[in-house]
Amino acid sequence: MFKTKSETTNMNELDINSHNTIGAGTIINGEIILEGNVRIDGTIKGNVISKGKIVLGNSGTIEGEVECKNASISGTVKGKIIAHEIISITSTAKLEGDIYYTKIEVDNGAILNGSLYANSK
C-alpha cells in the first residue's frame, strides 16, 4: 500500500510510539539513539538511548550503557542502566552494572551484579 504525500511523515518528525525491532542473530556495533520504542533480540555492542521503552528479549544482549524512559529486561546487559520511570527485570535477566531507577520490579531468579540507585524526581 502506498501513502499519499499528505500521509507521509517527515523523517525529522518521528512518532514517540514508533516501534523498532532488532532481531535475533543481528549484531550491531555502535551507539543507537531512538525517539521511540525498541525491542532487541539480537546483540548491541554500544550504548542504547531511547526516549521510549526498551524491551530486551531473552536472546538479547547489550554491551554498553542503556538509558530510557521504561525498560523490560529479559536478556543480558553489561553496563549501566538508567530508567527514568520504570524498569522490569524478569527471571531470565543477567545484569552486570549499576541500575538507576524510579520504580523497579525484579522477578525471582534474575542475576544482578551491581548496585541499585533510586532516582529522585
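Annotations for the structure displayed:
- Dimensionless Rg over Rh [the stretch 58-107; C-alpha; Kirkwood]: 0.91
- Cβ-placed point charges (K, R +1; D, E -1), dipole of the stretch 56-121 about Cα centre in debye, nearest 20: 100
- Largest-first ordering by accessible area, 1.4 Å probe, given options 111, 82, 104, 33: 33, 111, 104, 82
- Once the chain from residue 28 to residue 92 is taken as fully extended at 0.36 nm per residue, the excess over their C-alpha distance is 20.8 nm.
- For the stretch 70-121, with all protein chains in place and a probe radius of 1.4 Å, 45% of the accessible heavy-atom surface sits on carbon or sulfur.
The values are calculated or read from the model by the stated rules, or taken from the named source; none is laboratory data. Model, not experiment: these values are computed from the prediction. Cβ sites come from the backbone with ideal geometry, for glycine too, and all protein chains shown count toward neighbours. The accessibility values were calculated without ligands, DNA or RNA, using every heavy atom of the protein model including side chains. Shrake-Rupley method; radii C 1.70, N 1.55, O 1.52, S 1.80 Å.
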